[in-house]
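What follows is one structure encoded as structure tokens, with my remarks underneath.
The values are calculated or read from the model by the stated rules, or taken from the named source; none is laboratory data. All values derive from a computational prediction rather than experimental measurement. Neighbour counts run over all protein chains shown; Cβ positions are idealised from the backbone, glycine included.
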Amino acid sequence: MTPNRSTISRRWTAALAGTAAAISGAFVTATAVSDNGNIPETAVASGRLDTLVAAVQAAGLAEALSGPGPLTVFAPTDAAFARLGEDTLSSLLTDAGRPTLVRILKNHVVAGRFEARDLVDRDGIETLAGTTLPLAAARGRLFVDEAVVETADVSASNGIVHLIDRVLVPARQVSPMETLLEIAVSRGAPLYNDGNIDACAEIYATALDAVSLAGDFGLDEQGRANLASRLKEIAGESTSRDRAWAYRRIIDSLFADGMTMQPTSATKPAPKPAGRGGFAPRGTTVFSFDDASEASRWQTVLDGVMGGRSTGKIAAKDGVVVFEGATSLENNGGFSSMRARTPAGLFEGADAIRLIVKGDGRDYKLGVSTGGNQRAGGYWQTFPTTKDTWTEVIMPIADLDRQFMGQRLNGRVSPGDIGGLQIYIYDKKAGPFRLEIESFEAISLGEDTFDA
């Protein structure tokens, strides 16, 4: 059962109470914070960071943030946390969600004391989560990744705090098995597509053998035994083409099924059932929302960064992600967007992006970005929706137009350089919008080729 807002509020309030009790002299004055308060005390006293304080306590990080430092904290406001949605906030408070919560919070903390003037001259800064946050200054504002610094240089005794308008969710950590298999595919798929099928099959077999033999890749003993049995069966296939495809199906299933290996005696699994609208999968899954946690990898960016009044939120429900809100044309606004990073090289070898969506009759834009900084321009194309009807959208990557700050530029994006996906509602109309998305896939429009 999904907790309602009051339930979540009580949980956060309880966590907040624990934090306040743990911090002596909480709710001190702003002047005292500037002179004496450490970072948790400063957050408590601000009156705008209650959710962050609760999250820090729930994650067990209050003591670390009270240490000598110095530390720099990019602190999401209460309004920033509210953008994550009730389901996400609730899941982060569970035992299963706590490691994710810890990593999210560490993604906002930097070793050292960096004032705003120190940040504007940098392209990026490394966090305690081991990630790098891109930095940019534009139109009198300081951007930290996709967040705007609303209040800068709030001094604390052990560092400095900058209040930001959104939570910076780091990209999902890649497991050793994913890394190994991604390397295998990036090397094997081009060989297959160039006609060297034997070499491709050998690369795939070698990688899968390593996974089945070693306990360092995340599969338990039974999973490795099941994989070894499958590989033995595939070795008996009559042609290298059959072996290559059988190995590739295993690789794709390891990614799609959450890094598990189920027993089976068939070397060619049955096709996945058709999804909503009767559209069956046909490529490499980039996002599938059967696992609601996939929605947490997305964040909204609204026209509020430029003074607009549009709204937007993301929620996972019944195997789809729902992006909804309202566009407003006030203050030269009119757009709302959802964005997520994708692993480097994921689209290598693909030539199109496939979406299964149900819209409201309005036009939306599919965009991709390159590299880590999604503000450095992007590549866009519009797609229509039919009200309350599931639709297959196939967008050739070559059709995406390069744009920056609303200006069309020359150049096309290489599939291997894609590092992020974006959905925009920006049709110069005001009013509510709602888009349901079942999946994103990287596909090849050609026949008998591998998507890298």
Odd one out for ASP145, checked against (1) at positive phi; (2) over 18 Å from the mean Cα position of the chain (by Cα): (2)
Among residues of region 107-149, those that are touching a Leu at 6+ places or on another chain (Cβ under 9 Å) and in a strand (DSSP E or B), counted: 16
Subset of region 315-334 [touching a Ser or Thr at 6+ places or on another chain (Cβ under 6 Å) and surrounded by 21 or more Cβ atoms within 10 Å (Cβ to Cβ)]: THR327
Pair list, Cβ < 6 Å and 6+ apart or interchain, from region 349-367 residues that are outside the structural domain of SER439 (by TED's automatic domain parsing) to residues that are in a loop (DSSP other than H, G, I, E, B) and modelled with pLDDT of 90 or more: none
Residue list for region 348-364, filter: buried (at least 19 other Cβ atoms within 10 Å of the Cβ) and charged (D, E, K, R): GLU348, ARG354, LYS358
Residue tally, condition of a type in the set (Phe, Trp, Tyr) and at pLDDT 90 or above, over region 344-379: 1
Flag if ILE203 is surrounded by 15 or more Cβ atoms within 10 Å (Cβ to Cβ) and farther than 30 Å from ARG48 by Cβ: yes
Residue tally, condition surrounded by 14 or more Cβ atoms within 10 Å (Cβ to Cβ) and at pLDDT 85 or above, over region 431-452: 11
Count of residues meeting criterion [in contact with a strand residue (DSSP E or B) (Cβ under 7 Å, 6 or more places away or on another chain) and among the charged types (D, E, K, R)] in region 99-151: 9
Residues (touching a strand residue (DSSP E or B) at 6+ places or on another chain (Cβ under 7 Å) and assigned to a loop (DSSP other than H, G, I, E, B)) located in region 41-84: ARG48, LEU49, GLY69, PRO70, THR77, ARG83
Filtered residues of region 327-351 (kept if of a type in the set (A, V, I, L, M, F, W, C) and not in a loop (DSSP other than H, G, I, E, B)): MET338, ALA340
Of the criteria (1) buried (at least 21 other Cβ atoms within 10 Å of the Cβ); (2) not in a loop (DSSP other than H, G, I, E, B), which one LEU180 fails: (1)
Of the criteria (1) crowded, with 20+ Cβ neighbours inside 10 Å; (2) assigned by TED's automatic domain parsing to the domain that holds ARG248; (3) out of contact with any Gly (no Cβ under 7 Å at 6 or more places or on another chain), which one ALA189 fails: (3)
